Structures are given as C-alpha cells and as structure tokens.
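Let me begin by presenting the structure, written as structure tokens, before commenting on it.
The values are calculated or read from the model by the stated rules, or taken from the named source; none is laboratory data. All values reported here derive from a predicted model rather than from experimental measurement. Reconstructed Cβ throughout: ideal geometry from the backbone, glycine too, with neighbour counts over all protein chains shown. SASA here: full protein model, heavy atoms, side chains in, ligands and nucleic acids out. Shrake-Rupley method; radii C 1.70, N 1.55, O 1.52, S 1.80 Å.
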Amino acid sequence: MIRDLIRSELKDFVPYTANQVPYRVKLDANESPFDLPMSVRKKLADIIMEGPKLNLYPDTDSIELRKTLSAYWGVDMEGIVVGTGSDELIQVLINTFVGKGDKVVCPVPSFGMYKITTIIGGGSTVEVALKEENGFEYDIDEFISKAKNEKAKMVILCSPNNPTGNLLSLRDIEKICSMCPNTVIVVDEAYAEFSEESAVELLPKFENLIILRTFSKAYGLAGIRCGYSLSGKAMADEINKVKPPFNISSLSQLVAKLVFEEREEIDRRIKYLTEQRTYLAEELKKIKGVTIFPSGANYILVKLPDAQAVAKELERRGILVRGYGDPVLSKYIRITVGSKEQNDILLEELANILASN
Ligand SMILES: *Cc1c(COP(=O)(O)O)cnc(C)c1O
C-alpha cells in the first residue's frame, strides 16, 4: 500500500487545506484588504503589452528586486535571498542547517510551519511555551537554556508572534544571538511593518542572525508568493546552495519590485490598518465576554466562551475568522484587521452571536 511507503515521521501528517467556503468578509488569513495599487496595474499592463519575455527563465538571482531591497534596508545585496514566500525560506533554512536528529527551538503557540518543516527536514522541535498569564511574552532565558541544553542548530522566533500579536524586544534578540553564537537565530518578521520594530539593525553585529520578511501581508501580495531574508553574506552564501534555481517567477519579481517602490501608497495602507487595529480592539473590548490581547500585527487574538462554536457561527453568516483545533488555542479566535466596512460587519455579527448565547 502506498501509505506504508511514506517516511515514518510523516505518517500522521494531514495535507494543508484552506477553507473554501463562500464568504462575505474574509478575516482568517491575515491578508490585506487592498489589491494591487492602480499605478502598478497600469505599469504592469504596459510591460505586458511591450512583451514580458515569459518565454525565458526568470532571473534566478532576482537582481532587480534585491537591488531595490538592498537600497531600502541598507543591507548588502549579498545578504538578501528571495524565496517563493517566506514559507520557502523557512524550508530552505531548515534544509541548509538542520539534519537528521537535529533540534530546532521554537515558540508555542506560533506559526505552525516551523514544526512541520522541521519534521519534514528530518529534525525535531523543542518547544518553549508562551504563557497566556504572561501576555504570551517570550521568556528569552528559557529559549537560551533550551538551545544550549539541546545543542540546537536553530532557534526560530516570530515577532510580532502569530497568532498572539506580541513582540520580542531587540534587547532579547541581541541577548540570544550573543549567548548562542553556534546556533542560527531566525527572526520571522512577517508582520513587522505593522509594528515599526525590526531586528535589521542588529545584522552587522551577528553572523548567526537571519530575518525573514514577506510581501504577503503588509504589501498585499499573498497571491504572488514572494518573501526574502536579510542576513550577513556568510549566511546567505550557505542558503543559496539549497535555494532552488529559478524559484521566483518573472512576474512575481516584477510585481514585488513595483509595489515595494510605491512607498507612499504602502505607508498609507499600513497607517490605515494600524488605525483600524486600534478601532477594532476598542470595539471588541465593549462586547461582553470578549478578552483581547494587544497586537503589533494586522490581527487580534481574541478569547471568548465557546470560541470554536462562535467561529463556526460566524462562518455560517459569511464571516471567516481563524479558529483553532489544537488544544492550546481552542479558546481563541484570530481576527485579521480588515477595512472599516469589514470590521464593522464582523463586530456586529459577533456581538449578535454572543448576545444570543
Ligand atoms: C503568513 C506568514 C508567513 C508566510 O508568508 P509567505 O506568504 O510564505 O511569505 C511566515 N511567517 C508567519 C508568521 C506568517 O504568519
């Protein structure tokens, strides 16, 4: 039987499925409510009419995009690697550094791909709990001691953390980078545009630090699958040995670059969404039975009675939010910050559901 042929560590895996139900308001995947800026659509249309050279393989080194990113961040181009989403970069990082039996320290609750990717890569995770009673704060000393005791190859940190929304201080990142010099320290900053805090300034000090960024959230480009890493050259040189050639399509490279250059529009969108985050948080607090956790990202973690039933009922009413099957998060839902109109629909329906319980 085919099932018997699968690697033993993957026997319990289930395929990733995205919710495909019809909806009015989609607030379950931390996507942006804003599609491609009109100015970019026009530029793109012109380029396509002139001949986009799709008969040729894409630039395997994403030179133009990396130049743009390098100028913005003040990070040498040699330290920037582009991936098909930061998801691919997580996979490339693990395949570069984590061998059979190697350990990866990561937070729980956090982004589920860290564990899945580690196991697929043949390693195993050592989890550090972020506790609700501490506001899900990182206990960096625990990360350091687990990394040392387990001789971990890698520590993955997520800031702002998905789904809890809290940040890790630069001082803590600095501490773990210096205390664990023989461990790769990954800081996943998928949502950092919404918090204005970044570990990028630490890069010149630490060869073992690598930061992951994505176009999928603040830039509203989840559909093109594009992300990048920022690190020193030594780290990038190693991961480039594993990164698949021609991984980013020509169109994705082009769109990412054009949108990244629309600074004013992007900044306007980020400002709008952070203001909506404040609005949504304030309004959620007014609903009886709801507890919210402060967030530096474009989502809010919400604790409420019968969270899973509420998520189902919202879905029945055409509003998608993220519910959780796993026991650690079963009391919570995660709501993406949407447009004012979307947020108002969510707020109204949620208040109705909770009032009728
Ligand atoms: C969404 C997300 C990513 C992945 O984004 P890509 O679309 O693969 O770039 C990475 N990390 C976290 C924490 C995320 O929430």
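Conditions (1) in the same structural domain as Lys241 (by the TED database); (2) open to solvent by 10 Å² or more (accessible area, probe 1.4 Å); (3) within 30 Å of Tyr272 (Cα to Cα), marked per residue:
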residue: Leu89; (1), (2), (3): yes, no, yes
residue: Cys106; (1), (2), (3): yes, no, no
residue: Pro109; (1), (2), (3): yes, no, yes
residue: Met179; (1), (2), (3): yes, yes, no
- Elements of type strands (runs of 3 or more DSSP E) in region 256-352, at least 1 residues being within 19 Å of Glu31 (Cβ to Cβ) and open to solvent by 30 Å² or more (accessible area, probe 1.4 Å): 319-323
- Within region 226-255, count every residue that is more than 14 Å from Asp61 (Cβ to Cβ), in a loop (DSSP other than H, G, I, E, B) and either without any contact (Cβ under 8 Å) to a residue 60 or more places away in the chain or touching an Asp or Glu at 6+ places or on another chain (Cβ under 7 Å) (or both). 1
- Are there any pairs, at least 6 apart or on different chains, whose C-beta atoms fall under 8 Å, with the first in region 207-218 and under 15 Å from Val155 (Cβ atoms) and modelled with pLDDT under 95 and the second β-branched (Val, Ile, Thr) and within 7 Å of the ligand (Cβ to nearest atom), and if so, which? none
- Query: Is it fair to say Asn19 is in the same structural domain as Gln342 (by the TED database) and on the phi > 0 side of the Ramachandran plot?
  - Reply: no
- Residue among Leu167, Leu209, Leu251 that alone is open to solvent by less than 20 Å² (accessible area, probe 1.4 Å) and more than 12 Å from the ligand (Cβ to nearest atom): Leu209
- Note on the structure: Among residues of region 145-164 being open to solvent by less than 40 Å² (accessible area, probe 1.4 Å) and away from the ligand (no atom under 16 Å from the Cβ), the residue nearest to Thr96 (Cα to Cα) is Ala152
- If Glu196 passes every condition in (1) over 17 Å from Val105 (Cβ atoms); (2) touching a residue at least 24 places away in the same chain (Cβ under 8 Å) but one, which one does it miss? (2)
